[in-house]
Amino acid sequence: MNKQEIGKVILRVILGLTFFIHGFSKFQGGISNTVGYFDSLGIPGFLAYAVAAIELIGGIALIIGVGTKIIGVLFALIMAGAIVTAKLPAGFMGNGQMAGYELELILLAASIYFIFANKSALSLEQKLFNPANN
């Protein structure tokens, strides 16, 4: 186990936990609030269910290390969409009324990392699909 692998696991778990909590809060706080917010932005409200489910299930998948490349793509699309549709007008640091897109940008960058990264030695994916390397 090298330092890069340890760093990759830490990033994967924290990114997964962050998305899981965001997805969970969308359902816990009443998904209808998120549907209304999406509608107010001109995004079809039903997509709120898809985003929340991807965040929730994808967060768990990322934490345990399953489907990291696919989850990375989905998370990157969600973050790019959030930046363009909701956050860009507020600027990088926000405008005093609304937070900026700095958080979404780092989550986008971390998600993109997992699109290109090799499987982690400390992942369920590695244990299940590469048993010869264990």
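The values are calculated or read from the model by the stated rules, or taken from the named source; none is laboratory data. Note that the structure is predicted; figures quoted are calculated from it, not measured. We place every Cβ from the backbone using ideal geometry, glycine too, and count neighbours over all the protein chains shown.
Take the conditions surrounded by 14 or more Cβ atoms within 10 Å (Cβ to Cβ) and of a type in the set (A, V, I, L, M) and apply them to residue 10. Does it pass?
Details: surrounded by 14 or more Cβ atoms within 10 Å (Cβ to Cβ): no; of a type in the set (A, V, I, L, M): yes.
When the stated conditions are applied, residue 10 does not pass them.
Please state which one of 99, 50 is within 14 Å of the chain's Cα centre (by Cα) and either modelled with pLDDT under 95 or of a type in the set (Gly, Ala, Ser) (or both). Before the answer, list the steps.
Values: 99 fails: within 14 Å of the chain's Cα centre (by Cα).
Among 99, 50, only 50 is within 14 Å of the chain's Cα centre (by Cα) and either modelled with pLDDT under 95 or of a type in the set (Gly, Ala, Ser) (or both).
What's the number of the condition residue 73 fails, among (1) closer than 20 Å to residue 21 by Cβ; (2) of a type in the set (Val, Ile, Thr); (3) under 13 Å from the mean Cα position of the chain (by Cα)?
With (1) closer than 20 Å to residue 21 by Cβ; (2) of a type in the set (Val, Ile, Thr); (3) under 13 Å from the mean Cα position of the chain (by Cα) applied to residue 73, the lone miss is (1).
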